[in-house]
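K.L.:
Have a look at this one.
The numbers here are math on the coordinates, done by the rules we state, and not lab data. Because the structure is a prediction, the values reported are computed rather than measured. Virtual Cβ from ideal backbone geometry, glycine too; neighbours counted across all protein chains shown.
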């Protein structure tokens, strides 16, 4: 016999506006690698636990696993910026507790590309020009 009952959901919980992909994008755009961690060449993860109230705001963020060197403070700052969708539950106030892991990695070596135009002093104006290229990794 087939059970035709739908699973009931009694409480609506706050979700990030735009879903998990938008959540990851927001974190990637707003998370900054601290200068102190850059000087110490620190890499690792910070786990932050926080409450989300039914108004969609984040309250009481706290570090579960820290990294130091300014990474903990940066993680708390970014989590504090999050805004979730508001939920209504027939007059019932909802507070959800969740955890997020933020990864701190030193920025990779960038590629800088410079071009210098040179004209030999013995050449006439408008003569052939040489270029010097410098690429740093």
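K.L.:
Using the count of nearby Cβ atoms within 10 Å as a rough guide to exposure, how do 65, 7 rank from fewest to most? Don't jump to the answer; show the numbers that get you there.
P.N.:
Working: 65 13, 7 4.
In increasing order of surrounding Cβ atoms, one gets 7, 65.
K.L.:
What percent does the relative contact order of the stretch 19-104 come to when contacts are Cα pairs within less than 8 Å and at least six residues apart?
P.N.:
On the way: 137 pairs, mean separation 32.5, N = 86.
Worked out over the stretch 19-104, it gives 38 percent.
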